[in-house]
Amino acid sequence: IPHKANRWPIKKVPYIFEGSLLDNKILILDAFVDFIMITCLKFVPRTTEINYVKLLAGNVCYSQVVMNERGEHQVSL
C-alpha cells in the first residue's frame with residue numbers, strides 16, 4: 001500500500017470476532033498465523049484501539065483493503 005496513512009500503525013491489526021463467527025475462531029486464528037509468516041503484519045486482539053477489524057459472518061466475502069482511521073473495519077467471511 002503506497003500511502004503510509006493507509007497502513008496499519010506499527011504493522012499491528014487489532015481484531016474482534018462478531019458473535020456468529022466464533023464457531024470458526026480456531027480456523028481464522030490459524031489463518032492469521034499463516035498470514036503473519038508471509039507478511040509484516042501482526043494480528044492482535046483488540047483492547048482499546050480506535051481502529052480495528054471486525055470479523056463477521058456474511059453471505060459474501062468482502063473487506064476494505066486499507067486502514068483509513070474511521071474506527072471499525074468490517075471483514076465479512
For His73, His3, ascending order of other Cβ atoms within 10 Å (fewest first) is His3, His73
Treating only the Cβ atoms of Lys and Arg (+1) and Asp and Glu (-1) as charged, compute the dipole magnitude of the chain about its Cα centre; round to the nearest 20 debye.
340
Note on the chain: contact order normalised by length, alpha-carbon pairs under 8 Å, 6 or more apart, percent, works out to 36
Phe35-Asn59 pseudo-label distance in nm [points 7 Å out on the Cα-to-Cβ vector]
2.4
Give the residue from Gly19, Met37, Leu55 lying farthest towards the positive end of the charge dipole for the chain; charges sit on Cβ (+1 for Lys and Arg, -1 for Asp and Glu) and the dipole is referred to the Cα centre.
Met37
What fraction, in whole percent, of alpha-carbon pairs in the chain exceed 19 Å separation?
34
Using only Cα atoms, tell me the angle between helix 25-38 and the longest principal axis of the chain; keep it within 0 to 90° and round to the nearest 10.
30
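The numbers here are math on the coordinates, done by the rules we state, and not lab data. Keep in mind that what you see is a predicted model, and the values were worked out from it rather than measured. When we count neighbours, we look across all protein chains shown, and the Cβ atoms used for this are built from the backbone with ideal geometry, even at glycine.
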